[in-house]
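**Q** Here you go, one structure.
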Amino acid sequence: MTPRLRRFTDIEQAAPPLIVVYAKVREPLLHLPNYAVATFVDRLERHGTDPGFEAVIAFDDAGQPIGYAYGNTVESDDRWWKRMDDVDPQFTTDPALALKEIGVVEPYRGTGLARRIHDELLAGRDESSVSLMVNPAAGSGKVHALYQTWGYRGIGSVQPSPDSPPLVMMIRPTR
């Protein structure tokens, strides 16, 4: 059966399945401080109160979360943009959707589920663009290349925290 997608705008409802699926998706990296579940929970609590928060979570037939994406609206003065060196003002003029996290558990990778979740998150959003940060080394570069096939292009580099690897900021239109 096809995984069922569910939208959430309430962090209290979204948090429990998000934490469960995050831990499954990031399991090989959980020993690293930036990927630890406690670090994710701290970020999620902050992001969940930001304007325009929304999550899409995929569930299997048994009701278990198997994939997710979430983000929120960012304005020109948001720290999302300020952490990047020399961001071109053309990208920050209008509000954008900041895609904070996306992931799918191993058995569902390569099935198109991540793209389905991504597209569902973007559907109906008012922002004209969506931005994300990606580790260019993730999946030996495959994740970065995948986002390029989804229409994203790199616009700069950023290191969101001292524990984070250097990331590439990418952007594309929401439609």
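The values are calculated or read from the model by the stated rules, or taken from the named source; none is laboratory data. The model shown is predicted, which means the values in this text are computed figures rather than measured ones. Virtual Cβ from ideal backbone geometry, glycine too; neighbours counted across all protein chains shown. Remember, those area values only see protein heavy atoms, side chains included, never the ligands or the DNA or RNA. Shrake-Rupley method; radii C 1.70, N 1.55, O 1.52, S 1.80 Å.
**Q** Output the number of the condition that ASP85 fails; it satisfies all remaining conditions of (1) open to solvent by 30 Å² or more (accessible area, probe 1.4 Å); (2) under 20 Å from GLN148 (Cα atoms).
**A** With respect to (1) open to solvent by 30 Å² or more (accessible area, probe 1.4 Å); (2) under 20 Å from GLN148 (Cα atoms), ASP85 is out only on (2).
Conditions tested, residue by residue: (1) more than 16 Å from PRO51 (Cα to Cα); (2) touching a residue at least 12 places away in the same chain (Cβ under 8 Å); (3) polar (S, T, N, Q).
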| position | (1), (2), (3) |
| --- | --- |
| SER76 | no, yes, yes |
| ARG79 | no, no, no |
| LYS82 | yes, no, no |
| PRO89 | yes, yes, no |
| ILE102 | yes, yes, no |
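**Q** Might you check whether a residue that is surrounded by fewer than 17 Cβ atoms within 10 Å (Cβ to Cβ) and among the charged types (D, E, K, R) occurs anywhere in region 92-102? Spell out how you get there, then give the answer.
**A** Pass one, region 92-102, residues surrounded by fewer than 17 Cβ atoms within 10 Å (Cβ to Cβ): 93-94.
Imposing the further condition that a residue be among the charged types (D, E, K, R) reduces the set to 94.
Within region 92-102 (the criterion being surrounded by fewer than 17 Cβ atoms within 10 Å (Cβ to Cβ) and among the charged types (D, E, K, R)), the answer is yes, since at least one residue qualifies.
**Q** Could you list, in sequence order, the residues of region 51-72 that are in contact with a Gly (Cβ under 9 Å, 6 or more places away or on another chain) and either outside any strand (DSSP E or B) or of a type in the set (S, T, N, Q) (or both)?
**A** Those that are in contact with a Gly (Cβ under 9 Å, 6 or more places away or on another chain) and either outside any strand (DSSP E or B) or of a type in the set (S, T, N, Q) (or both): GLY52, PHE53, ASN72.
**Q** Would you confirm whether any residue within region 89-102 is of a type in the set (Gly, Ala, Ser), in a loop (DSSP other than H, G, I, E, B) and more than 23 Å from ILE19 (Cβ to Cβ)?
**A** So in region 89-102, the residues of a type in the set (Gly, Ala, Ser) come out as 96, 98.
If we keep only those that are in a loop (DSSP other than H, G, I, E, B) too, we end up with none.
No; the residues of region 89-102 include none that is of a type in the set (Gly, Ala, Ser), in a loop (DSSP other than H, G, I, E, B) and more than 23 Å from ILE19 (Cβ to Cβ).
**Q** Okay, next question. Tell me which residues, restricted to region 41-81, are more than 18 Å from GLU12 (Cα to Cα), loosely packed, with under 12 Cβ neighbours inside 10 Å and charged (D, E, K, R).
**A** ASP61, ASP77, ARG79
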